[in-house]
Protein chains: 2
Amino acid sequence: MTKAESALLQALDAFMAQKLGQIDNSHLQAAMAYSINAGGKRVRPLLLLTVVSLFNGSVTTALPAAAGLEFVHTYSLIHDDLPAMDNDDLRRGQPTSHKQFGEAQAILAGDALLTDAFGIIATSDIAADLRIRLVALLAQAAGSHGMVSGQVRDLDGEHVVLDLAGLKRLHQQKTGALLLAAIQMGATLAQVSAADFEALSAFGQAFGLGFQIHDDILDVTASTAMLGKTANKDVAEAKNTFVSLLGLEGAQAALAEQVRLAQTALARLSVDATPLQQFLNYLK
Amino acid sequence: MTKAESALLQALDAFMAQKLGQIDNSHLQAAMAYSINAGGKRVRPLLLLTVVSLFNGSVTTALPAAAGLEFVHTYSLIHDDLPAMDNDDLRRGQPTSHKQFGEAQAILAGDALLTDAFGIIATSDIAADLRIRLVALLAQAAGSHGMVSGQVRDLDGEHVVLDLAGLKRLHQQKTGALLLAAIQMGATLAQVSAADFEALSAFGQAFGLGFQIHDDILDVTASTAMLGKTANKDVAEAKNTFVSLLGLEGAQAALAEQVRLAQTALARLSVDATPLQQFLNYLK
């Protein structure tokens, strides 16, 4: 991580801690804070803040949107881990929320994080028309046209074998939509040109799909200790993954193709894209 | 129900059906539509639309906000009914969402309804500064400062006996906040004066608390068939209710006091409050 990224993350964590500190319900607050502070890589808020910074936008002003993204991502992990869903005991090497607080509190902590994400953005200190575009982008990416739909397809997919188009669609919704939203929210805050918005979106799409292919590859090549969650879980549950569909080498080739697409998109930007280029290290 | 209310509800249902019809995931769509169409009384959207109409605002323009409220209310019922929460098999005389679709789909249908509520309001056809105030009101009422916090207090309360102040606070968050938001969102849309906003808010607070006291009374006086859900459930689970704390007569007196406060507030409005007066029939 660069020094600049590290400073962004400190500011983000301080902002999120301040928001969580305002909650007048210690039980709920503890469950929300536990998952927010569970050691996530903050990829989505970092993407947003990096885009804002790349186009000389105000990082401080962008913190509520970045926090909103991390709240939504964190809620999705809490709910995905529930016994009725993926039934995971470990997340980032620690007990999952329902293991730590019980199922009811885990569901409610997720619900509160999701709801508060919109509240934090809606009450942030930027022009109303920017705030509402951020809310719209986040809701579109997270709801029935995005992440939740992808999760439904993922659960449905445990009973059928998807083809490559179906698998891509699943992941564009489940993982890709929120990563793309992170980039588009950053672009919205920085008020970039239409051409830059398009190139950033193309980068976001390729990065999002590459991110999931990389995750599928790690599931079969990494150990539980390395992952901080149970390895080989996809195979055990006969999930549709890029590895199950294309084989390990095929998945690696598909990942390389997305990295190439992401780099091509970055080359079209009107600014030096080095800070975004570094996100491709997550795919190695 | 008056003819005017009936027309409002038809317009609302058509709007919600249109929004649900745009979801490109039949499994998710079916679970969301099942609960939206499960025969709810639509008290919250009706309150909002009645306030808008009372102050000569545009009801058509207010439909997205009304739908957003009903989406949030419906998500809260789906999650409250889950086995880890209240574990209810019946809701409005029909199988609850998790009984019909399984737990995972029920959780996800709730998540999507909550998220889409904000998306529908954010993309509605009114000025950006109004939309963002509606999003802020809804998030504040539904999240960690409102409904979710109330639900956490309710679950925590199964292990301790609350005093009257604690019970009121629980219900102001769990039930009252969203009813108050309905009224304040309507007042925001109709751009009422500060004095009317204050009187409407006082009405909303009294109505919200009265609504919950009435619910607690019904739990011990009505049958399962009348309620469409399991009667005497609060007693069986040793929940804190106004009846358990004040006795049946005490609860009835507390309800009468809230009705009086609601009527006093309505008398302060600058317009004829008859349409809002009729909502007090829900408390009989």
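Assorted remarks:
- Qualifying residue in segment B:170-179 (condition: free of Cβ contacts under 8 Å to residues at least 24 places away in the same chain and touching a helix residue (DSSP H, G or I) at 6+ places or on another chain (Cβ under 6 Å)): no
- If only residues of segment A:54-84 that are surrounded by fewer than 23 Cβ atoms within 10 Å (Cβ to Cβ) and over 30 Å from A:Ser193 (Cβ atoms) are counted, the one that is farthest from the other protein chains (Cβ to nearest Cβ) is A:Leu77.
- Unique match (being crowded, with 21+ Cβ neighbours inside 10 Å, over 20 Å from A:Leu255 (Cβ atoms) and among the β-branched types (Val, Ile, Thr)) among A:Val161, A:Val148: A:Val148
- Hits in segment B:112-130 (condition: over 21 Å from A:Ile126 (Cα atoms), of a type outside the set (Ser, Thr, Tyr) and at the interface with another protein chain (Cβ under 7 Å from one of its Cβ atoms)): B:Ala112, B:Leu114, B:Asp116
- Boolean, B:Ala106 is within 16 Å of the chain's Cα centre (by Cα), small (Gly, Ala, Ser) and more than 7 Å from chain A (Cβ to nearest Cβ): no
- Every condition in (1) within 14 Å of chain A (Cβ to nearest Cβ); (2) under 20 Å from the mean Cα position of the chain (by Cα); (3) hydroxyl-bearing (Ser, Thr, Tyr) holds for B:Ser26 except the one numbered (2).
- Scanning segment B:109-141 for residues that are touching a residue at least 24 places away in the same chain (Cβ under 8 Å) and touching a Phe, Trp or Tyr at 6+ places or on another chain (Cβ under 9 Å) returns B:Ala109, B:Gly110, B:Asp111, B:Ala112, B:Leu113, B:Leu114, B:Asp116, B:Ala117, B:Phe118, B:Ile120, B:Leu138.
- Evaluating B:Gly40 against the criteria (1) within 12 Å of another protein chain (Cβ to nearest Cβ); (2) in contact (Cβ under 8 Å) with a residue 40 or more places away in the chain; (3) closer than 25 Å to B:Thr175 by Cβ; (4) not polar (S, T, N, Q) leaves one unmet condition, (1).
- Pairs where the first residue, in segment B:21-33, is over 16 Å from B:Ile120 (Cα atoms) and the second is among the polar types (S, T, N, Q) and buried (at least 16 other Cβ atoms within 10 Å of the Cβ), C-beta under 6 Å, 6+ apart: B:Asn25/A:Ser149; B:Leu28/A:Ser144; B:Leu28/A:Ser149; B:Ala31/B:Gln105
- B:Arg268 over 27 Å from B:Gly166 (Cα atoms) and either surrounded by 21 or more Cβ atoms within 10 Å (Cβ to Cβ) or modelled with pLDDT of 95 or more (or both): yes
- Elements of type helices (runs of 4 or more DSSP H) in segment A:1-108, at least 3 residues being modelled with pLDDT of 95 or more and within 24 Å of A:Ser144 (Cα to Cα): A:26-36, A:43-54, A:59-81
- For segment A:85-99, the criterion of being buried (at least 24 other Cβ atoms within 10 Å of the Cβ) and within 13 Å of chain B (Cβ to nearest Cβ) is satisfied by at least one residue.
- Unmet criterion (only one of (1) within 14 Å of chain B (Cβ to nearest Cβ); (2) buried (at least 23 other Cβ atoms within 10 Å of the Cβ)) for A:Leu8: (1)
The values are calculated or read from the model by the stated rules, or taken from the named source; none is laboratory data. The structure displayed is predicted, hence computed values, not measured ones. Using ideal geometry, Cβ is built from the backbone for each residue, glycine included, and neighbour counts are taken over all protein chains shown.
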